[in-house]
Amino acid sequence: MSNFLLHKFGKKQQFILSIFLILFVAAISFVLSNFIGYKVVAFLLLVTVSLIAMFFDIVPVLLAAFLSAIVWNYFFIPPRFTFAIQSTENVILFLMYFVIAMVNGALTFKIREAEKKANKKTEKENTLKLYNTLLNSLSHELRTPISTIIGATDTLQEEKDKLSENNRTELISEISKASLRLNRQVGNLLNMSRLESGFLQPKTDWCDVNELIYDVVNQLKDILQNKPVEIKIKENIPLVKLDYGLLEQVLLNLIHNAAIYIPKYAVITVRATISKENKLVLIVEDTGEGFPENEINHVFEKFYRLKNTNTGGTGLGLSIVKGFVEAMKGTITLKNGEEFGSIFTIEIPTEIANLNDIKHE
């Protein structure tokens, strides 16, 4: 169907139809705006951008996403008929809408492009799974933090005279947490896109393992509340030459994954050492319940989520970890502890720094 429409409509016609569809949906929404409210209009426009992305080229899709944001701002966000946004909450909503509309359109287009390249039946099935799962992620995993932000900002706006200072602080905290969750989900989708493209090239430089681990734990301090983290790094561990950004994402995903699955007050331990073969060895273990033995071999697969769990997620975190580790020529393994918990072990070949190495670079 999408190929048929691409052959039927040229670039110029795609631009015209994209603009027409956005304006058409906006016009209907404008007539009904007194009944549905401007926040519902945002969801209608996002759906329209998604539909356009399913059939047209990337440039008309991005134009539609940009136009939808401008139209929503001018005709629906109060005060109407001006590009000025007076409310801080509405500024946040507009910026988030703009980012999500662009990402949504681009990802949907990329998924369609991937489907076109599938030649064999199995490849087509995998692409359809990618398509359906990413759309499901966009409609559920992204909608949850967005709904939280909208609810909190509505309360701040409508009940501002009745809220205590503690209530305001709690609502702002909820907005912050939801924003971080949204950022993490979008980041995972973009990271998977980088891996799927096949153009991921590590950029190596000297890294301080101590700094890296403590920085990651600090970034996750909110989600690690009531979940102690023990850091055990080999004394005088040397600098290693690796991609700091990729390694950071690996640890972020592993520690975040442990934090959401283990029970309260279970302990997460991060270990780091250098093996005799000049490999950086990172271990992330916990005292939780571990993984079902029959599922351990599947946890690094894309979109795989443990059965009988209510933690949600896209099922991308561990597959991204594996992809980034392998991009650095390393390996990652998972096993359950002898008594309880799980143990992730990463081994990455690297250069070990000495003072002469660093002085000559």
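The values are calculated or read from the model by the stated rules, or taken from the named source; none is laboratory data. Values in this document were obtained by computation on a predicted structure and should not be read as measured data. We place every Cβ from the backbone using ideal geometry, glycine too, and count neighbours over all the protein chains shown.
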List the residue pairs whose Cβ atoms are under 7 Å apart, where the first residue sits in segment 70-88 and is over 15 Å from residue 37 (Cα atoms), the second is in a loop (DSSP other than H, G, I, E, B), and the two are 6 or more positions apart or on different chains.
85/77; 86/79
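Does segment 56-96 hold any residues that are in a helix (DSSP H, G or I), among the aromatic types (Phe, Trp, Tyr) and farther than 15 Å from residue 26 by Cα, and which are they?
Pass one, segment 56-96, residues in a helix (DSSP H, G or I): 58-75, 88-96.
When the remaining residues are screened for being among the aromatic types (Phe, Trp, Tyr), the result is 66, 72, 74-75, 94.
Scanning segment 56-96 gives a single hit, 94.
Any residue that is more than 24 Å from the chain's Cα centre (by Cα) and either surrounded by fewer than 19 Cβ atoms within 10 Å (Cβ to Cβ) or outside the structural domain of residue 155 (by TED's automatic domain parsing) (or both) - is there at least one of those in segment 39-47?
Kept after step one, since they are more than 24 Å from the chain's Cα centre (by Cα), are these residues of segment 39-47: 41.
Then drop every residue that is not either surrounded by fewer than 19 Cβ atoms within 10 Å (Cβ to Cβ) or outside the structural domain of residue 155 (by TED's automatic domain parsing) (or both), which leaves none.
No, there is no match, as no residue in segment 39-47 is more than 24 Å from the chain's Cα centre (by Cα) and either surrounded by fewer than 19 Cβ atoms within 10 Å (Cβ to Cβ) or outside the structural domain of residue 155 (by TED's automatic domain parsing) (or both).
Quick check, is residue 212 more than 24 Å from the chain's Cα centre (by Cα) and aliphatic (A, V, I, L, M)? Break it down into steps so the answer makes sense when it comes.
Numbers: more than 24 Å from the chain's Cα centre (by Cα): no; aliphatic (A, V, I, L, M): yes.
For residue 212, the condition - more than 24 Å from the chain's Cα centre (by Cα) and aliphatic (A, V, I, L, M) - is not met.
Residues 247, 282, 242: which one is assigned by TED's automatic domain parsing to the domain that holds residue 344, touching a Cys at 6+ places or on another chain (Cβ under 8 Å) and either at pLDDT below 85 or closer than 16 Å to residue 318 by Cβ (or both)? Explain how you work it out, then say what you get.
Values: 282 fails: touching a Cys at 6+ places or on another chain (Cβ under 8 Å); 242 fails: either at pLDDT below 85 or closer than 16 Å to residue 318 by Cβ (or both).
The conditions single out 247.
Yes or no: segment 25-33 includes at least one residue that is assigned by TED's automatic domain parsing to the domain that holds residue 149, surrounded by fewer than 20 Cβ atoms within 10 Å (Cβ to Cβ) and modelled with pLDDT under 85. Quick ask: steps written out before the conclusion?
Initially, segment 25-33 is screened for residues assigned by TED's automatic domain parsing to the domain that holds residue 149, giving 25-33.
Right, trim to surrounded by fewer than 20 Cβ atoms within 10 Å (Cβ to Cβ) and you get 25, 27-28, 30-33.
If we keep only those that are modelled with pLDDT under 85 as well, we get 33.
Looking through segment 25-33, at least one residue is assigned by TED's automatic domain parsing to the domain that holds residue 149, surrounded by fewer than 20 Cβ atoms within 10 Å (Cβ to Cβ) and modelled with pLDDT under 85.
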